[in-house]
Amino acid sequence: MTLPSESLPPPGWGARGIDGLLGAFPPGQLSEIVGPWSSGGSSLLLALIARVTTSGGKAAVVDGTDAFDPFSAAAAGVDLSGVLWVKCGGRLDPACRAADLLVRCPGFVLVAMDLGELPLRRRQSLPSSLWLRLRRAVEGSPTILVLRAPQRLAGSAAALVVSARRLEARWMGASQPTRFAGLSSELRLLRARIFPHPNLLPPLEGEGTRNPLSPLGRGQGEGCWTIEWRS
Amino acid sequence: MSQALLEVALAHSPRVEEAGPGLVYLDAAGLEGLFGGERQLGEGLCAAAAARGLNVRVGIAGSRLGARVAARSGGGVTIVQPAEDAAYLAPAPLALLDLPEEMAARLDRWGIRTLGELAALPPAALFERLGSEGPRLQRLARGEDLRPLIPWAPAPPFEESAECEWGLDTLEPVTMLLADLAEKICARLVRRGLSADGFEWICRLAGRSLHEGSLALAAPMSEASAIAALLRVALESRPPQGVVEAVTLKAHPQRVAPAQDSLTGRSRPSPRLVTAALTRLTALVGARQLGIPALLDSHRPDAVRLDPFHHPHPNPLPGRERESGSLSPSEGEGRGEGGGKNPAALVLRRLRPPCPAHVTLTSGRPVHLRSAALAGRIVTGAGPWRASGEWWTGGPWARDEWDVELADGTVCRLIHDGSAWFLDGIYD
């Protein structure tokens, strides 16, 4: 029996693929998704929000630059009724304070902080103590705190860092492009301070399944995924 | 309308039950001495309702179902004679019992279409096939009430006022006065096992003008100290512009569900913490800047509104992974990630408002982009995709959309509204 193609998950999605990565964002820790625009970083964040909201959880989006698009989110499978959207209008200080309030507020499975298009100079002016404070605030809670920015900001405060890199854009049309079809990107695990799930990292050749609690399970990860994002 | 109907019923009988929109039951037992008979009672109800602008129909029977059918089938006052409920209900359709879909389909397969046919079935055989639900439905179909009336009583007003002997020209005494009023209201709420999901205050100012404000709580609560703190935050964000002479505080009472639905279920987070956090968030970014995004029924781009956020409920599907707040990787298998429409959907990051751009065209196609957010040579592009709408209103809109890829690989959306170019968003 052959399943219709639309019922199959897209290439790269599966228990040991991107799904494993989504399930690996650790509760009670600060995680980061970094990468330039058109690298699929925001799409990865929306996939994570979709995963949380369709399971009945609540997610908060602290939107530094009001860039969140509910239409894209709905198309990505996000249950919008489970999303609290906090628009900060390009103001960095309220965004940071809002994230701090929300990670301390019970009831949210995910708090996503998107610093977006804020100028690099303003983003880098954030004190490192802010990220340590956020990490301390979320520690011990069941909340997943995810920061989305083009560059790494949280430094060692981040338990998990996923880097997104654009590979190529895909266009439809024979001689001249008529429609933007999507883009492919490469997601790479830059840092996994706390080993989140045994399926996240494939065992090295000749090595058995790692014990997530063993020292071997900690440290820099080797995980890499190629994702086709469809427009 | 339901409130007015309930008040009319309560004026005729001390035992009244609210049964949904436009439907009220009242106990007519023992009212003959007051009204002279059932018909007079029914006519009195019709007249009292008409005086309040309500057109009602009254059914009087030995059971709730009988009274409901009588009220709906007849005009004015319809009376089912005592002990004739079963006969009266017999030709009524089975749908009146509000059966679950599966049960309705099962009875339909048996050829049972009316209440009389259900009432005529042997109870023992019905129990064998449908369990305890079978005899219960049969008793309803025979016009027997299975439970007593649940009395309704009007909610007392939760409102407190205070007059100031001299005007208050600073915020501190006003907030203290509000805290005092909140404490009195909360004490009354607690006595009745209620909470409040919102407060309204009205400050009468020296020039006889009014300063009004409201505080919507994300979760109902009845803790006076927490409510006083939240009122202070709300008042500080929008203080009265003048000397305050009198203050009135009103609460919106609500009955609160238990913190834990079952012994093994996950308990709800503390309403006090949730409400405090959301109120502080509102004071931080503004009430219009946060909420649940809801898509509007419009083709206008970015047609979204923000609805008030409600108290987070516990996860309906208990499980170890979910209770800890994380999801296991295997949960996405078989249904796609997130169970969504398109798990690998590419997201557009919007620029609000769209960023003005200077676009160079060659043969009608954009070849170079310059804007505050992005700039560069355009290597590929698709468009224009024309969209327009609401030309029949005072705010028509039209635009051409282009998806373009810059030389550095960034893919963005450009729009041209007929007069100028804008950068609408960046795909990411």
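The values are calculated or read from the model by the stated rules, or taken from the named source; none is laboratory data. Note that the structure is a prediction, hence the values are computed from the model and not measured. In this analysis, Cβ positions are derived from the backbone assuming ideal geometry, glycine residues included, and neighbour counts consider all displayed protein chains.
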query: Which of the residues that make up the range B:215-229 are touching a strand residue (DSSP E or B) at 6+ places or on another chain (Cβ under 7 Å) and at pLDDT 90 or above?
result: B:Ile227
task: Go through the range B:24-39 residue by residue and tally those that are outside any strand (DSSP E or B) and touching a helix residue (DSSP H, G or I) at 6+ places or on another chain (Cβ under 7 Å).
output: 3
query: Restricting attention to the range B:40-60, which residues are assigned to a helix (DSSP H, G or I) and surrounded by 15 or more Cβ atoms within 10 Å (Cβ to Cβ)?
result: B:Leu41, B:Gly42, B:Glu43, B:Gly44, B:Leu45, B:Cys46, B:Ala48, B:Ala49
- request: Keeping to the range A:130-181, report how many residues are more than 12 Å from chain B (Cβ to nearest Cβ) and closer than 30 Å to B:Gly381 by Cα.
  value: 5
- request: Filter the range B:349-365 down to the residues that are within 13 Å of chain A (Cβ to nearest Cβ) and within 30 Å of A:Arg148 (Cα to Cα), then identify the one that is surrounded by the fewest Cβ atoms within 10 Å (Cβ to Cβ).
  value: B:Pro353
- request: Would you mention how many residues in the range A:25-46 are aliphatic (A, V, I, L, M), at the interface with chain B (Cβ under 7 Å from one of its Cβ atoms) and closer than 19 Å to A:Arg193 by Cβ?
  value: 0
- line: Screening B:Gly134, B:Gly111, B:Gly116, B:Gly143 for residues that are free of Cβ contacts under 8 Å to residues at least 40 places away in the same chain and on the phi > 0 side of the Ramachandran plot leaves only B:Gly111
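Mind listing just one residue for me: the one in the range B:61-79 that is in a loop (DSSP other than H, G, I, E, B) and in contact (Cβ under 8 Å) with a residue 60 or more places away in the chain and, of those, surrounded by the fewest Cβ atoms within 10 Å (Cβ to Cβ)?
Going through the qualifying residues, I end up with B:Gly62.
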message: Checking the conditions here, which among B:Gly418, B:Gly383 is facing chain A (nearest Cβ under 9 Å) and either over 27 Å from A:Ala47 (Cα atoms) or modelled with pLDDT of 95 or more (or both)?
response: B:Gly383
- prompt: Got at least one residue in the range B:168-188 being among the hydrophobic types (A, V, I, L, M, F, W, C), modelled with pLDDT of 85 or more and not in a helix (DSSP H, G or I)?
  reply: yes
message: Being within 24 Å of the chain's Cα centre (by Cα), part of a loop (DSSP other than H, G, I, E, B) and exposed (fewer than 15 other Cβ atoms within 10 Å of the Cβ) is the filter here; which residues of the range B:190-243 pass it?
response: B:Arg192, B:Gly193
statement: Selection over the range A:47-77 where residues are closer than 17 Å to B:Leu290 by Cα, within 7 Å of chain B (Cβ to nearest Cβ) and β-branched (Val, Ile, Thr) yields a count of 0
task: Select from the range A:23-64 the residues that are assigned to a loop (DSSP other than H, G, I, E, B) and out of contact with any helix residue (DSSP H, G or I) (no Cβ under 9 Å at 6 or more places or on another chain) and list them in ascending order.
output: A:Pro26, A:Pro36, A:Trp37, A:Ser38, A:Ser39, A:Gly40
